[in-house]
Structures are given as C-alpha cells and as structure tokens.
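One structure is given here, and the rest of the page talks about it.
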Amino acid sequence: MKWEGNRESDNVEDRRRGGGLGGRSIGLGTIAVALVASYLFGINPMTVIDMMSGGEVTSVQQAPSGPPASDTESRFVRTVLADTEDTWSALFQASNASYVPPTLVLFAGSTPTACGTGQSATGPFYCPTDQKVYLDLGFFQLMRERFQVDSEFAQAYVIAHEIGHHVQHLTGVDEQAQQARSRMSQAQANALSVRIELQADCYAGVWAHHAHQARGIIERGDVEGALHAATAIGDDALQRQTQGHVVPDSFTHGSSAQRTRWFSRGLESGRLTDCDTFSVRQP
C-alpha cells in the first residue's frame, strides 16, 4: 500500500504511554481468547483476562493523552485516517452535507471511553457517544500471528470499517438500528447487527475505491490481503476455529463470504447506494 508521504491527520489521541492494565502483563494469546469469548458468547473480556492471568489484572488506569508518537505504526494510522477524512469529506460535500471527522484513540490494554471501558480484547471499535474510534495497535500483531494476515492495506481496511460506523452514526443509521433492536428477538437483533457490519465493510470498500482513484494507494496484492482479513474475521470462520461448528443465528458481523462480498462491492463501484444492506432479502 502506498501511503508514506501522504497527509497525516491531527485527529489522533495517543494514550499508549504510561497507562493500561495494572497487575501482570498479558499476551496476545490471552487477548485472542478473550476477544473470541466476548465476540461469540457475550462474556466480558476482562473476566476472561482476569481468569487466565491468575486474577492479577485488577486495575485500569487512564494513560496520559498527548500528541501521537512518530513511530511508523502511528504514522500509518494517522495517514490512513487522513485519507478517510479527505474521501468522506468529498463524498458528503457531493451530497450537500458536511462530514465531521472522528477522533482516533491509540491505547494499550484498556482505556476509558464514553461507551464504558475500552479493552484490547474486544478489538478495534467505534463509540458513537463520543464519536471516537479506539485502536490498540497490538490487534495488527494479532492479525499477523493468529490469522496470518500481514498486509498494510488489510490494516487500513480495519480502520476504514470503523470509520464506516462513524458514517452510519452521522447519517442516523445506528440510532434507527438501536430503536429497532428494542422490538426484536435476539436472533432478529443479531441479523440486524450483521447488516450494520456488512454496510460498514461496504463503506470501507467505497473509501478504498475513491482513495485509489485520487491517490493511487493500492498496490499488487493489497486487495487480496484485505479480502483475506475479511475472510479470517467472518463469524463462521471464527466459530469453526473456536467451537468446531457454525451457528448462523448467533452471527453478529457476517460470514466470511458476506464480508468479502460487501467490501468488494464498495471497492468496485464506489457508490454509497450500492451499500444498502438493509433493503436486500439476503445480505
């Protein structure tokens, strides 16, 4: 992926220094297990981490925030974020609307958020209450070691997916979904969550389409890397890996085939109208 030398965003808050989880340090294996437990079974990842670390991970401290460091990973994140800002600002402007960019928070271990304590074990996430994306860069190492996904463009896809949730917040999709969930069964709510996540995947593809047209960021093998990431984190792939069988009614993010299909649809067309996952019979 071609990114070095492009504009870097100022909308990054770096909380990695001097904070995080107290007590015994935890490894990526523990985080991976906790992530899957939270993802599939609704278990608080901190409970899993506490059990696997011998009960010594007990405190959460807020790291001091400040300007981002100059390491390559944080520069990459700032550059991808800037690219999403430029792309979505232009797309919103074309629709006579204004894009309000989110803040991206880098943290290590855990951090306070307006949606509760953010934890590495839950993976990258978007909090609509404070309009911030939260990212522990250790997740990219987890992608390399657990899912064999070693691609900068795949990492950019992960960030762009969370920005897609911000776009949903700005357009009112998440509020409508939240209201609808209150009237649904658990299976119906899960199915709605799948459509929300698949739209965010499609929006990530839309970003990549326009960013490549404007700045030529995609290189040979990049798209395959992103599709590999989408495949690896599909609900069916994760369930086979952790429990040996698939339970479609429990899906909340979509199958590998769905995630790759909707990302590819956005990437190929670049049209927001092609990302309407709510009107199709089967997403």
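The values are calculated or read from the model by the stated rules, or taken from the named source; none is laboratory data. Because the structure is predicted, anything quoted here is derived from the model rather than measured. Backbone-built Cβ (ideal geometry, glycine too); neighbour counts: all protein chains shown.
Evaluate the range 191-211: report whether one residue or more is closer than 22 Å to residue 16 by Cβ, at pLDDT 95 or above, in a helix (DSSP H, G or I) and out of contact with any strand residue (DSSP E or B) (no Cβ under 8 Å at 6 or more places or on another chain). No, because not a single residue in the range 191-211 is closer than 22 Å to residue 16 by Cβ, at pLDDT 95 or above, in a helix (DSSP H, G or I) and out of contact with any strand residue (DSSP E or B) (no Cβ under 8 Å at 6 or more places or on another chain). Residue count for the range 69-122 under the criterion of being in a helix (DSSP H, G or I) and under 19 Å from residue 156 (Cβ atoms): the result is 20.
Tell me which residues, restricted to the range 125-154, are closer than 24 Å to residue 83 by Cβ, more than 13 Å from the chain's Cα centre (by Cα) and without any contact (Cβ under 8 Å) to a residue 40 or more places away in the chain. Within the range 125-154, 130, 131, 144 meet the criteria. Among the residues examined, residue 238 qualifies as at pLDDT below 90 and either assigned to a loop (DSSP other than H, G, I, E, B) or crowded, with 20+ Cβ neighbours inside 10 Å (or both). From the list 79, 122, 87, the one residue that fits, being at pLDDT 95 or above and within 19 Å of residue 16 (Cβ to Cβ), is 79.
Of all residues in the range 135-179, those being at pLDDT 90 or above, surrounded by 21 or more Cβ atoms within 10 Å (Cβ to Cβ) and not in a helix (DSSP H, G or I) number 3. The residues of the range 104-124 that are out of contact with any Asp or Glu (no Cβ under 6 Å at 6 or more places or on another chain), without any contact (Cβ under 8 Å) to a residue 40 or more places away in the chain and within 10 Å of residue 136 (Cα to Cα) amount to a single one, 118.
Kindly indicate whether any position in the range 126-134 is within 23 Å of residue 218 (Cα to Cα), of a type outside the set (Ser, Thr, Tyr) and either touching a strand residue (DSSP E or B) at 6+ places or on another chain (Cβ under 6 Å) or assigned to a helix (DSSP H, G or I) (or both). Reasoning before the result, please.
Initially, the range 126-134 is screened for residues within 23 Å of residue 218 (Cα to Cα), giving none.
For the range 126-134, residues within 23 Å of residue 218 (Cα to Cα), of a type outside the set (Ser, Thr, Tyr) and either touching a strand residue (DSSP E or B) at 6+ places or on another chain (Cβ under 6 Å) or assigned to a helix (DSSP H, G or I) (or both): absent.
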